[in-house]
Amino acid sequence: MIVADYQTNRFPTWCPGCGDFGIWGALKTSWVKMGWNPWDFAIVFGIGCSGNMADFIKVYGFHSLHGRALPNAVGLKIANHKLPVVVVAGDGDCYGEGGNHFIHTCRGNHDISLVVHDNRVYGLTTGQVAPTATQGFKSKSTPDGIIEVRINPLALAITQGATFVAQGFAGDIPHLTQLLIDSYNHRGFSVVNVLQPCVTFNKINTYMYYREHTYKLDSSHNPQDKISALTKVMDDERIPLGILYKEERKTYEQSLNQIATNTLVEKPYNLNLNSLLNEFK
Amino acid sequence: MNNLPQQTLTWKIGGEAGFGIMTVGLMFSKVSIREGFHIFDYVEYPSLIRGGHNVYEVRVSSNEVYCQERKVDILVALNQETVSLHKDEMKDDSVIIYDNEKTKISATDFAPSVILLAVPIAKIIKEAGASLVMQNNVALGASCAVIGFSKETMLLVIKDMFLDKGEQVVKDNSIAATLGYDYVSNNYKDKFAKKLTPSKTNDQIVLTGNEAIGLAALASDCRFYCAYPMSPSSSLLHFMAAKADECGIVVKHAEDEIAVINMGIGASYGGIRAMVGTSGGGFSLMVEGLGLAGLTETSLVIFEGQRPGPATGLPTWTAQADLEFLMHAAQDEFPRIILSPGDVEEAFWLTVEAFNLADIYQTPVFILSDKYLAESHKSAAPFDFTKIKIDRGKLITSGNTTDLSKYLRYQDTSDGISPRVIVGTKGTYFLTNSYEHEENGLSTEDSSQRIKQVNKRARKLVLYENNLPAPNLYGDMDSDITLIAWGSTKGPVISALAQNNYVIAGKTVNFLHLNHVWPLPRKAISNILSRSKKRIMIEGNSTGQMGKVLRRETGVVVDDYLLKYDGRPFYEDEIIDKVTKSL
Ligand SMILES: Cc1ncc(C[n+]2csc(CCOP(=O)(O)OP(=O)(O)O)c2C)c(N)n1
Ligand code: SF4
């Protein structure tokens, strides 16, 4: 497979310069490196500029509702846990509308790779604030500046039980590509938050902003150290890139004896129905 | 049993929540069927865990039983409240079993022929050194002795019910029940007319509507059940969860109902049969997901157990007021099918059908039930599993020889059904899309593509309508009066009519029961109703929802309504009364 093999004949409708192009590129490259055919895995997309990627990619895709990609992915994974499942979502999508699902998917440690386009705005609906927006951020829906403090998705992921928590930058495709590959190779719920400039509606968190405020984690960071990971993700001024936290814990699917050998979808049906009647006699 | 006159009685036990009323009630039902009788039982309880009045009623008969009865032959009062709340339900020759050391009964409250049977339940328990929680077993023993059920049958039921809790539990329960049985046999021998003559020709099962649906789901190869607890759907979640290991299925209690339906959709997309369950409040949260299943053409079975609402409503009571909500839930238009079973047999077979319909039409299919059906036990012949045919519809599996390179997920076929490929099948890929889409699944806003897909989806329902079975008509085609009901209201109506041989106040009465409630078998219904002279619609809501739907869909106007929305099921006398008054 080469990158072009994953491309449909539709050219992306994103604004020129949008960070989504970088994420799109990193995703395709990561699959080439994994050696995945379009039928070897599935992607569930949320609704937003981010989710619109669904039309530009040749794979088994499921374009879901706004906020609901994760529960769709959990259901799919339970049905066929041998199929790698990736979720592509927006920050409004995943941390706002679907925030409850985000917390609970972390708890469950479902073996899914979640890739969130964190642009701190709602792109598709023309630039209102996302829950990731910095307090005071002015938008069409918050002309006086947003009152709420920002959600910290990485801290949330780490404390709620995600077992692979990383941050990438849409402006650094090779680095992001490697993070994605690492997330696929991790058994358990992986959260890859991607800092994604929205060139049209967010004039503050630009490529330049992220180049100035981010740094790459080096070998001095121990991803097994939860407290150190939390300290790093709580710093809004110096933003870490790389694998912040990693832990080995049984996945949800590994905890189900029913699917220890075969997936639900491949299992033969062999219930002894008459014996089920005994308790009703 | 066949040539004997009908033997029948109604037994009722009341006490505080925590007295084990539900357990003893079910044991009584089981003893009854093992003694060769049919039963229907009905429970009433408030939405509380401790305290509050719990009542369990079992109607026993040598003939099939369809519903509960207003009057009681044997009342077991485990507390004072039971006597005061139910003293007006006595028949002339009823028996009241009560603990004379705890409960005061004034004989003047009852007809002289009512037998007041004092059983010092608490004292018996104390003398035997048993725990007070065993009171319910003493009551069971006393009841069985009064009726003449065999002690052996009773002890076998206790053994079967408690064996998985250990030998000791079986022993404790058996001792208490035996004490009650012996006390009545020794002290009140031959005092009652309330005897039933057992017959051993019966191998029936006894189960609730929810259990029938769970069993049918397992028998239909449902491999994923997802729910969030809400009465009266929770018992289905508990049943499925208890079966998950043994049956190799996965049952998920998800974080909320939005997750529930979306997980169900994900699992179905993954290629397995999936079902989700809830009540009206939870379904309100599922509504957007319903549209997702509709637009993506994902097969899904949705169980909705109705209770009175809106909002939190009356959690532990019954209603039939969600029909129009389900018909119209979610924005825009897409095909959906609603089935509403009338009793446990229909609950079983319509669930089997629901899974097939969901797969064939690749669209959401509802099983619309209610608390009355969900939690009432009925005896039934064991289901003949060999009659189950699993039809997964137009499903292309990797084994098929079809060339998948040109596969179109939303192919515009003549019947509207596009062949389906399970995600992960090698050699192809496609987009399953919540946006309006082209045949290949990619998003579109093009006018002609939009029209094409709306029409394609709509054709599926046309096909279904053409294949709809005719509704059941009970009684003579040409009768003076036609009663119409849907779902679980079947029981009281059938019972009221059968007892009167379909003649009330000199008029012949027949009964049209609807269980394929959306879309309706319109032609068959109007054929039947256009011949009836007077039509009375009986349903559990305040606006006559089905009556309005019938008018819209068939042009038939019902002449009168019997509506109930107090959370209680219909009783036979209300139906007979209505018919009599409407003459
Ligand atoms: C239930 C529901 N509410 C609202 C919308 C409208 N909507 C579409 S995308 C979106 C926000 C998108 O923001 P985000 O998730 O951050 O993704 P982005 O477009 O920035 O990639 C909204 C509110 C919707 N589709 N569904
Ligand atoms: S609006 Fe923002 S997020 Fe959406 S495509 Fe344009 S730049 Fe990208």
Checklist (1) surrounded by 24 or more Cβ atoms within 10 Å (Cβ to Cβ); (2) within 16 Å of ligand 1 (Cβ to nearest atom) applied to residue A:85, failing item: (2)
Hits in segment B:409-427 - residues which are touching a Lys or Arg at 6+ places or on another chain (Cβ under 9 Å), more than 18 Å from residue B:292 (Cβ to Cβ) and either among the hydroxyl-bearing types (Ser, Thr, Tyr) or facing chain A (nearest Cβ under 7 Å) (or both): B:413, B:414, B:424
Per-region count, segment B:437-470, residues closer than 12 Å to residue B:413 by Cβ and out of contact with any Asp or Glu (no Cβ under 8 Å at 6 or more places or on another chain): 1
Total residues in segment B:381-406, condition modelled with pLDDT of 95 or more and hydroxyl-bearing (Ser, Thr, Tyr): 1
Residues of segment A:50-102 that turn out to be more than 30 Å from residue B:249 (Cβ to Cβ) and of a type in the set (Lys, Arg), as a count: 1
In segment A:221-262, residue least open to solvent (accessible area, probe 1.4 Å) [restricted to those that are farther than 13 Å from residue A:166 by Cβ and among the acidic types (Asp, Glu)]: A:253
Selection within segment A:6-36 - more than 16 Å from ligand 2 (Cβ to nearest atom), open to solvent by 50 Å² or more (accessible area, probe 1.4 Å) and within 12 Å of another protein chain (Cβ to nearest Cβ): A:9
Check on residue A:275, outside any loop (DSSP other than H, G, I, E, B), closer than 30 Å to residue B:348 by Cα and more than 16 Å from ligand 1 (Cβ to nearest atom): yes
Candidate set: segment A:239-272, residues that are under 22 Å from the mean Cα position of the chain (by Cα) and part of a loop (DSSP other than H, G, I, E, B); chosen: the one nearest to the other protein chains (Cβ to nearest Cβ): A:252
Which numbered condition residue A:74 fails, given (1) facing chain B (nearest Cβ under 9 Å); (2) outside any loop (DSSP other than H, G, I, E, B); (3) within 16 Å of ligand 1 (Cβ to nearest atom): (3)
Test: residue A:251 is within 16 Å of ligand 1 (Cβ to nearest atom) and of a type outside the set (Gly, Ala, Ser): no
Residue within segment B:39-48 that is modelled with pLDDT of 90 or more, under 30 Å from residue B:308 (Cβ atoms) and within 14 Å of chain A (Cβ to nearest Cβ) present: yes
Residue B:150 vs. criteria surrounded by fewer than 22 Cβ atoms within 10 Å (Cβ to Cβ) and not aliphatic (A, V, I, L, M): yes
Of residues in segment A:37-63 being within 7 Å of chain B (Cβ to nearest Cβ) and in contact with a Leu (Cβ under 7 Å, 6 or more places away or on another chain), the one surrounded by the fewest Cβ atoms within 10 Å (Cβ to Cβ): A:55
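The values are calculated or read from the model by the stated rules, or taken from the named source; none is laboratory data. Since we're looking at a predicted model, the values are computed, not measured. Please note: Cβ atoms are built from the backbone with ideal geometry, for glycine as well, and neighbour counts cover all protein chains shown. Just the protein is used for accessible areas: all its heavy atoms, side chains included, with ligands, DNA and RNA removed. Shrake-Rupley method; radii C 1.70, N 1.55, O 1.52, S 1.80 Å.
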